[in-house]
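One structure below.
The values are calculated or read from the model by the stated rules, or taken from the named source; none is laboratory data. The shown structure was predicted, so the numbers you read here are calculated from the model rather than taken from an experiment. As a convention, Cβ positions derive from the backbone with ideal geometry for all residues, glycine included, and neighbour counts pool all protein chains shown. With ligands, DNA and RNA removed, areas are computed over all heavy atoms of the protein, side chains included. Shrake-Rupley method; radii C 1.70, N 1.55, O 1.52, S 1.80 Å.
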Amino acid sequence: MIGNSKDNLSRSGVDWGSIAIFFVLMLLGWLNIYAAVYDETTTEGFTLASRYGSQLIWIGVCVLTAIVIMLIDGIYYHMIAYPFYALILLVLVATLFIGTEVNGARSWLRLGGFSVQPAEFAKFATALALARYMSAYSFSMSAWRSRLTALLLLAVPMAIIMLQNDTGSAIVFASFLMVFYREGLNGWIYVAIGMVIFLFVFSFLWTPATLLAAILILCTLIESILNGAWLRNLRYLAAVALSSLLIYLIAAAVTGGTAGYYGCLLAASLLSLPVVGVYAWRSKLKNVLICIGMFIGSVLFTNLVDVVFDHMQIHQQKRILDLLGVESDLQYWGYNVNQSKIAIGSGGLLGKGYLHGTQTRYDFVPEQSTDFIFCTVGEEWGFVGSVVVLGLFCWLILRLIRMGERQHEAFGRVYCYGVASILLFHVLVNVGMTIGLMPVIGIPLPLFSYGGSSLFAFTLLFFVAVKLDACRRESSETGDRTF
């Protein structure tokens, strides 16, 4: 209860170091928002009506929220997990019909004089619901029913947000796959996901023959790493490569090209199966058989890339092509990223100094206080400042993982890993898109980007994790290790 929680706050179970890092990042974020909207020509001075003023109010709200969270008994977060998840789903569905459209996405609700983005709170609700379900005694990651149910808890809010046309916020839910891996999901699933990403990207850059060779080498390397039989796998690689490429050339010559590159590629892979099958049978290696399945699936997937790409929206297609260097349009689709890279690169080693960033001060970088807030860090604080900020984020994520590992019950462990995975995904994608390594999908940099919904949601996520971590001391003293 609240009285007991006050006693807990005075104990060493609270991770004050993590709390300090969180508020340092929040303060740095506010300073960068101020710098991003700073106008030396204005005479109005400090005003709460500005973006930095509004963000300061939200910071005050978040501080009060953090105190309330730490005073509430941790068992209540376990109790509200399913009801809060159901409530958020209803709000997400309602947003589809009564929400306000911003930048093409109907993902905002207007409440009085301010707007709220329910998708931000859906991350918190999903983290709680997954923690509740995956901490049940009946849950087992090796059981299909458990895996499908957990995936369904993840997929439902993701699908609704996709219907809101907010692809960036929906993709964030994929970060929970890190939680599934920690709880025992087969690693081959992640290898398959990696293969899908690899094939989707390089199908734009390589010819089918080159892609076939790359798939073959990649599958062989994966099998070699898992099995450790490097010399034997070299013979396997040579045999399959020669037979595949030979059949590919024969198919191309016989059909005169009428079957197309992918038709010949598919024929080559299928007719090479006897070679691979004999090797797998003689070696009695399950990993090889898995690689065969991955190899065939990869070849089949390459036929679907064009179909998937054609069904994307035009701005998504252009951003992918611009990211891969297939097309270059620095005046339109590639303008944001190009200006972002110019701003960050101009900062040099130590930066231009606080409030002296010309690219951000003169509004050359679009959305510089929201999605591209990291440009202000790079330009004004330079490489050293950027490393410090990223180092603080890494430190906080590692401490969240440590919180999860020292939990006495699965609920706290799953939840802490969920928070760490969301935070990691946001940082990697947001910073990656500002330096041209990720497509622009419009997700904020935690604690830095302007926006009350994002700041409040991350405060909820983080401080519930801290509270659950603090509760582990009490549970160990009473001998009760379950909720």
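Numbers at a glance
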read-out: Selection within region 435-469 - open to solvent by less than 20 Å² (accessible area, probe 1.4 Å), of a type in the set (Phe, Trp, Tyr) and closer than 22 Å to Phe84 by Cβ; value: Phe458, Phe462, Phe463
read-out: Helices (runs of 4 or more DSSP H) contained in region 47-105 and holding at least 3 residues crowded, with 19+ Cβ neighbours inside 10 Å, modelled with pLDDT of 90 or more and of a type outside the set (A, V, I, L, M); value: 51-71
read-out: Options Phe139, Phe121; residue that is surrounded by 17 or more Cβ atoms within 10 Å (Cβ to Cβ) and over 24 Å from the mean Cα position of the chain (by Cα); value: Phe139
read-out: Test: residue in region 351-368 that is among the polar types (S, T, N, Q) and part of a loop (DSSP other than H, G, I, E, B); value: yes
read-out: First in region 19-35 and open to solvent by 50 Å² or more (accessible area, probe 1.4 Å), second anywhere and assigned to a helix (DSSP H, G or I), Cβ under 8 Å, 6 or more apart; value: Val24/Leu392; Tyr34/Tyr52
read-out: Any hit, region 384-392, residues being farther than 30 Å from Ile75 by Cβ and touching a Cys at 6+ places or on another chain (Cβ under 8 Å); value: no
read-out: Single unsatisfied condition, Met195 versus (1) closer than 19 Å to Leu455 by Cα; (2) out of contact with any strand residue (DSSP E or B) (no Cβ under 9 Å at 6 or more places or on another chain); value: (1)
read-out: Selection count, region 157-187, where residues are more than 10 Å from the chain's Cα centre (by Cα), crowded, with 20+ Cβ neighbours inside 10 Å and β-branched (Val, Ile, Thr); value: 3
read-out: Checklist (1) modelled with pLDDT of 90 or more; (2) among the β-branched types (Val, Ile, Thr); (3) open to solvent by 20 Å² or more (accessible area, probe 1.4 Å) applied to Thr41, failing item; value: (1)
read-out: Meets criteria (more than 22 Å from Val24 (Cβ to Cβ), buried (at least 24 other Cβ atoms within 10 Å of the Cβ) and of a type outside the set (Val, Ile, Thr)) for Gly432; value: no
read-out: Top-ranked residue in region 120-162 [being of a type in the set (S, T, N, Q) and at pLDDT below 95; ranked as nearest to Ile88 (Cα to Cα)]; value: Thr149
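This table checks each residue for (1) open to solvent by 70 Å² or more (accessible area, probe 1.4 Å); (2) at pLDDT 90 or above; (3) in contact with a helix residue (DSSP H, G or I) (Cβ under 9 Å, 6 or more places away or on another chain).
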residue: Val305; (1), (2), (3): no, no, yes
residue: His311; (1), (2), (3): yes, no, no
residue: Gln368; (1), (2), (3): no, no, yes
residue: Gly378; (1), (2), (3): no, yes, yes
residue: Glu405; (1), (2), (3): yes, yes, yes
